[in-house]
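Below is one structure, written out as structure tokens; comments come after it.
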Amino acid sequence: MKSCRIVSLLPAATEIAAGLGLMDQVVGVSHECDYPAEANKRPRVTHCPIHHASLTSRQVDESVRRAVRENGTIYAIDEPLLRQLRPHVILTQKLCDVCAVGYGTVARLAETLPGPPRVVNLEPSSLSDIFNDIRRVAQACGVVDRADEVIAQLSARVEAVRDRASQTAHRPRCFFMEWVDPPFCSGHWGPELVEIAGGQDPLGRKYQPSVQIDWNAVLDARPEIIVLALCGYDVDLARRDYELLRRFPGFDSIPASRRGETYLVDARAYFARPGPRIVDSLEMLAGILHPEEFPEFTPCRLGDARVVRVS
């Protein structure tokens, strides 16, 4: 395989490249790429004024809506730097204008670069789509055989969870929440993870975008478990929004609240990042929904800061 200069414009793509053993060929990354550690040593070719701006979730939502309405995007690309990096492949996405630079913007810019570079669009809505994205990146970079091995290992872990979870008698109602203010249900692969892990998400939109929902719908669903998998948020930021959530009218009446079954997860690194670690997310969720069946994945494991149970 000849050398392939890769620029990754989203964190999941960077993790996919790393999982395929291509990290030494990644020459540029987005402002959010932080895993593996080598990603932090690469030039950052995008910028977002909202990133690390210490805004409340309501302010983030309003800022994103305003920026998309007025400018079509919330991101900026360092075009001179991108030209200097001379990529052969650019990894980007068309799934969500809020998650990364829009595909159209990247494709138009790529046409003006030497080569021009190949633009690889990652647009997953399900676990199988995420695995197909791994294969798509491998094909673009000439390492298809590596994809087969990575996908086989990840698929085996998924099926192990699915088989064990299928033996549980009770499938708890789980509200997998993607945003607090305003409330958003889960979408795309989120409800699928809940389903495979042995639960049911009555408010989720499997394989479809998440949407804003009325808080009364949550009260009516009476979830037994609430998982705050807030898009772009780690556990500390989720904890801040939990304090807001617990003041919502009727929150104390929800079974999950009465039983102390509300969990904060690191969605920024796991649940909202459709790369290889999405399987780690599934295993964490299995430990939340069925701790007796999956003791090795329960959030009470010593030193596991990826999941916190709040009461």
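The values are calculated or read from the model by the stated rules, or taken from the named source; none is laboratory data. Note that the structure is predicted; figures quoted are calculated from it, not measured. For neighbour counting, all protein chains shown are included, and Cβ atoms are generated from backbone atoms with ideal geometry for every residue, glycine included. For accessibility, only protein heavy atoms count, side chains too; no ligands or nucleic acids. Shrake-Rupley method; radii C 1.70, N 1.55, O 1.52, S 1.80 Å.
Annotation: of all residues in the range 10-29 being at pLDDT 95 or above and not in a helix (DSSP H, G or I), the one that is surrounded by the fewest Cβ atoms within 10 Å (Cβ to Cβ) is Gly21. Within the range 161-173, the set of residues being outside any strand (DSSP E or B) and surrounded by 15 or more Cβ atoms within 10 Å (Cβ to Cβ) comprises Val161, Arg162, Arg164, Ala165, Thr168, Arg171, Pro172.
With the condition kept exactly as written, say whether any residue in the range 144-151 is within 26 Å of Tyr103 (Cα to Cα), touching a strand residue (DSSP E or B) at 6+ places or on another chain (Cβ under 6 Å) and buried (at least 19 other Cβ atoms within 10 Å of the Cβ). No, because not a single residue in the range 144-151 is within 26 Å of Tyr103 (Cα to Cα), touching a strand residue (DSSP E or B) at 6+ places or on another chain (Cβ under 6 Å) and buried (at least 19 other Cβ atoms within 10 Å of the Cβ).
Among the residues of the range 207-224, just one is within 19 Å of Thr262 (Cβ to Cβ), loosely packed, with under 13 Cβ neighbours inside 10 Å and not charged (D, E, K, R), namely Asn216. Counting only strands (runs of 3 or more DSSP E) that fall entirely inside the range 225-311 and contain at least 3 residues that are open to solvent by less than 30 Å² (accessible area, probe 1.4 Å), the qualifying elements are 225-228, 262-265. Checked against the criterion of being farther than 13 Å from Thr14 by Cβ, modelled with pLDDT of 90 or more and surrounded by fewer than 18 Cβ atoms within 10 Å (Cβ to Cβ), the candidates Glu70, Glu79 yield just one match: Glu79. Residue pairs whose Cβ atoms lie under 7 Å apart, sitting 6 or more positions apart in sequence or on different chains, and linking a residue in the range 23-42 that is under 18 Å from Arg86 (Cα atoms) to a partner that is open to solvent by 70 Å² or more (accessible area, probe 1.4 Å), are Met23/Glu38; Gln25/Ser3; Val29/Arg44; Ser30/Arg44.
Within the range 196-205, work out how many residues are outside any loop (DSSP other than H, G, I, E, B), open to solvent by 60 Å² or more (accessible area, probe 1.4 Å) and in contact (Cβ under 8 Å) with a residue 24 or more places away in the chain.
Residues flagged as outside any loop (DSSP other than H, G, I, E, B), open to solvent by 60 Å² or more (accessible area, probe 1.4 Å) and in contact (Cβ under 8 Å) with a residue 24 or more places away in the chain within the range 196-205 amount to 1.
For the range 82-117, filtered to residues that are open to solvent by less than 20 Å² (accessible area, probe 1.4 Å) and of a type in the set (Gly, Ala, Ser), the residue that is modelled with the lowest pLDDT is Ala100. With respect to Ser155, is the statement that it is hydroxyl-bearing (Ser, Thr, Tyr) and assigned to a helix (DSSP H, G or I) true? In short, yes.
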